[in-house]
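Since the structure comes first, as structure tokens, the remarks are kept for the end.
Values in this text are rule-based calculations from the coordinates and carry no lab data. Everything numeric in this text was worked out from a predicted model, so none of it was measured. Ideal geometry is used to build each Cβ from the backbone, glycine not excepted, and the neighbour counts take in all protein chains shown.
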Amino acid sequence: MTIRLTPYEYAIIQAVPRIERGELINVGVLLYSQRHDFLSAGTHLDEARLRALDPAADVQGIRSALEAWETTCTGGGAAEQMRLGERFRWLVAPRSTILRAGPVHMGLTADPAAELRRLVELLVH
């Protein structure tokens with residue numbers, strides 16, 4: 001039995017609580033696989049690490065923003081009429097907000113959901 005690996009793209013979701021300082025923590029991974037018709041965000045906010053950067057950080061605001069990214073992945077809200085690739089490109093576009101995506105990287109996988117879990121464990125936890 002041959003496992004067929006297909007390409008995917010991913011970006012690390014970063015929280016930047018004080019944009020003027022440029023400090024950030026990884027809070028999630030966004031993974032898109034066109035061949036698997038898959039787009040999802042795996043997130044984890046470590047409040048202690050966030051507060052180490054900014055003791056006054058708006059934790060609930062960041063959690064809400066992460067939920068909005070997850071909603072965009074599933075096609076909710078303003079992304080309702082967008083295809084998966086359009087949603088991914090929208091989310092990884094440069095921005096100066098409390099959440100941003102890092103550079104887009106590529107990989108190969110047979111199981112995008114499992115790969116997303118692996119990347120979240122490796123890059124966020």
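List of remarks:
- With Cα atoms defining each centre, the stretch 1-79 and the stretch 86-121 are spaced 7 Å apart in the structure.
- Sorted by Cβ density within 10 Å, fewest first, the residues ARG21, ARG87: ARG21, ARG87
- Note that the stretch 5-21 has calculated 3J(HN,Hα) couplings of 8, 10, x, 9, 10, 8, 9, 7, 8, 10, 9, 10, x, 10, 3, 5, 8 Hz, one per residue in order, obtained from phi through the Karplus relation 6.51 cos²θ - 1.76 cosθ + 1.60 (θ = phi - 60°); glycine and proline are x.
- Footprinting exposure proxy for THR43, THR2 (fewest neighbouring C-beta atoms within 10 Å first): THR2, THR43
- If you wrap the tightest convex hull around every Cα atom of the stretch 6-123 and split its volume per residue, you get 92 Å³.
- As a rough footprinting exposure proxy, the listed residues VAL124, VAL27 were ranked by other beta carbons within 10 Å of their own, and the order from fewest upward is VAL124, VAL27.
- Between the helical axis of 112-123 and the longest alpha-carbon principal axis of the chain there is an angle of about 30 degrees.
- Helical content of the chain, expressed as a calculated mean residue ellipticity at 222 nm, amounts to -10500 deg cm²/dmol (DSSP H runs of 4 or more residues, -39,500 (n - 2.57) each, divided by residue number, nearest 500).
- Considering only ALA52, ALA101, ALA41, the Gaussian network model of the chain with Cα springs below 10 Å gives its largest mean-square fluctuation to ALA52.
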